[in-house]
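This report refers to the structure that appears directly beneath it.
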Amino acid sequence: MVAVASAVGLLALSTVIVLWAKTRPGFDPYGWLVWGRQTVAGNLDTNAAPSWKPLPYLFTAPFGLFGHYQLWLWMITSLAVSLAGSVFAGRIAFRLTVREGEPRWPAYVAAAFAGLALLGLSSYWHYMLSSQSDPMIVTLCLAAVDCHLSGRYRWAYTAAALAALGRPEVWLFLGLYTIWAWLRQPSMRRLIVVEVALVILLWFGIPALTSRTPFVAASNALGSGRRLRSDRVFGTIGRFLDLNTAVLELTALLAVAIAVVRRDRVTLALAAGICAWVIVEIAFSLHGWPGLGRYMFEPAGVLVALAGAGIGALLVESRRISRMAGWAGIGLAAVIVLALVPPAVTRARSEHRDIRGQRLRTAEIGKLTATISHLGGAGRFKPCGEPLTRLEYQTILAWNLHVNVATVGYKYEAAIHGRRPIVLFTPVSTGGWRVQALHQHAPGCTSLPR
């Protein structure tokens, strides 16, 4: 009942935040919405951007049955799942702190610290409010850790498998957990076989049927304009370190140092997992994939949980020394929290500016929808040739026109100088959209603006 009540509460809170923020999904999420809608229409094509990811497809495909409500269902669901990460970060910090026979209040402090600190990751709110899947994967990874520590190994494996549907970096950890569970939990073997098969099928089976290659995700990710051009090793590490403040990272190191003294294998294993994820990301970056900071939200989230455990350990261990040391520990914990306030304020202001920019983008998207409706609706444009727009609006236009992203072009010059019928959708600086139909011959298309 507690889990159900928490889920309902998170959905209600997410609905309120989505309505208040007045933002819209980013480039990739609009593409995921297109996947769902085109699956319902029986015409899915995954060749174009965004790169194929099965996790959002598990939601956007069934949501596609609800027409234009698909957008709202995805935004609310993705935000609710993302916010749940704070709950799991807090639970992990609590479990790493609480000790039998000791007061529980340090564990509660650690949990509150971790839960709030997770929401302070650099640009985290931007990705949550633009309905990206990265914060959702953070939640799933933290849920897997929490369920394992709770002895709920089946749930832990399922959460890890779902996370593996969102980021290939998870595959290493799912593989290691598969070996452990296969040897130590024989009753899970059927579950393991089914879920591993589903991960492989969803990652490679659907693209094999709907694109030029089963490896379309890897192909689309190569050559990204956001990849590191040089110093890819330390550049990737730098991107990871930028996700959290130095104070928080030092607090996590404190947790690791105390874990060495305590011989706390769980904390040390989590710290090793953070390092392993970053190493995998470095390898991906060297291969030519982007290695973006948001691809390392997951280890940054685990680091936050360790920082919470560091606060808790500081409070617990200082009390064991003496009463005076206990007060000193409380003072040091307070200093750490106060040191995090200025960067938190700075990031909050940055996120607020981002929301203002996103609201302007929402207004622009709304004008595009209104323009299409005013000119006769999405169906009016289907016989009129290839629709084109600027690259950043490609998935948005595809969703509004009820077509696959691969159907929408963005290379204006070649299309304009060609002879094929095209329809240009161009945002104008004064607001609104200019629609131009060129090289038209089909009845009903020649009357469109030129």
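Things worth noting here:
- Taking 7 Å steps out from each Cα toward its Cβ at Ala363 and Val341 produces label points 3.5 nm apart.
- Rounded to 0.05, the FRET efficiency of the Arg229 and Asn47 pair, given R0 = 30 Å and the Cβ-Cβ distance, is 0.65.
- Rounded to the nearest 20 debye, the dipole size of the chain about its Cα centre is 360 debye, using +1 on the Cβ of Lys and Arg and -1 on the Cβ of Asp and Glu.
- Estimated dipole of region 1-156 in Debye, rounded to 20 [Cβ of Lys and Arg +1, of Asp and Glu -1, Cα centre]: 180 debye
- Solvent exposure of region 409-450 amounts to 61 Å² per residue of accessible area, where only protein heavy atoms count and the probe is 1.4 Å.
- Residue-averaged 222 nm ellipticity for the chain, from DSSP H runs of 4+ at -39500 (n - 2.57), nearest 500: -22000 deg cm²/dmol
- Considering only alpha-carbon pairs that sit under 8 angstrom and 6 or more positions apart, the relative contact order computed for the chain is 19 percent.
- In a reduced charge model with +1 at each Lys and Arg Cβ and -1 at each Asp and Glu Cβ, region 324-450 shows a dipole moment near 300 debye about its Cα centre.
- Given a 1.4 Å probe and the protein chains as shown, Ser350 ends up with an accessible area of around 60 Å².
- Neighbourhood net charge (15 Å Cβ-Cβ; Lys/Arg +1, Asp/Glu -1) for Arg95: +2
- Distance between region 331-397 and region 186-234 - C-alpha centres, whole angstrom: 27 Å
- Secondary structure note: in region 380-450, about 55% of the DSSP beta bridges are antiparallel.
- Solvent-accessible surface of region 1-92, averaged per residue with a 1.4 angstrom probe and all protein chains in place: 41 square angstrom.
- Label-to-label distance, Asp242 versus Phe204, with points set 7 angstrom from Cα along the beta-carbon direction: 3.4 nm.
- Within the shell of other residues whose beta carbon sits under 13 angstrom from the beta carbon of Arg227, the net charge comes to +2, with Lys and Arg scored +1 and Asp and Glu -1.
- Normalising the average separation of contacting C-alpha pairs (under 8 angstrom, six or more residues apart) by the number of residues puts the relative contact order of region 253-338 at 28 percent.
- Accessible carbon and sulfur surface of the chain relative to its total accessible area, %, 1.4 Å: 66 percent
- Probe 1.4 Å, accessible area per residue of region 213-329, Å²: 46 Å²
- Under 13 Å, Cβ to Cβ, from Leu202 - net charge with Lys/Arg +1 and Asp/Glu -1: 0
- Among Ser322, Met75, Gly377 the positive-end extreme of the charge dipole of the chain (Cβ point charges): Gly377
- Of all DSSP beta bridges confined to the chain, the antiparallel ones make up roughly 55%.
The values are calculated or read from the model by the stated rules, or taken from the named source; none is laboratory data. Computed from a predicted model, the values in this text were never measured in an experiment. Using ideal geometry, Cβ is built from the backbone for each residue, glycine included, and neighbour counts are taken over all protein chains shown. For the accessible areas, the whole protein counts, side chains as well, though only heavy atoms, and no ligand, DNA or RNA atoms are used. Shrake-Rupley method; radii C 1.70, N 1.55, O 1.52, S 1.80 Å.
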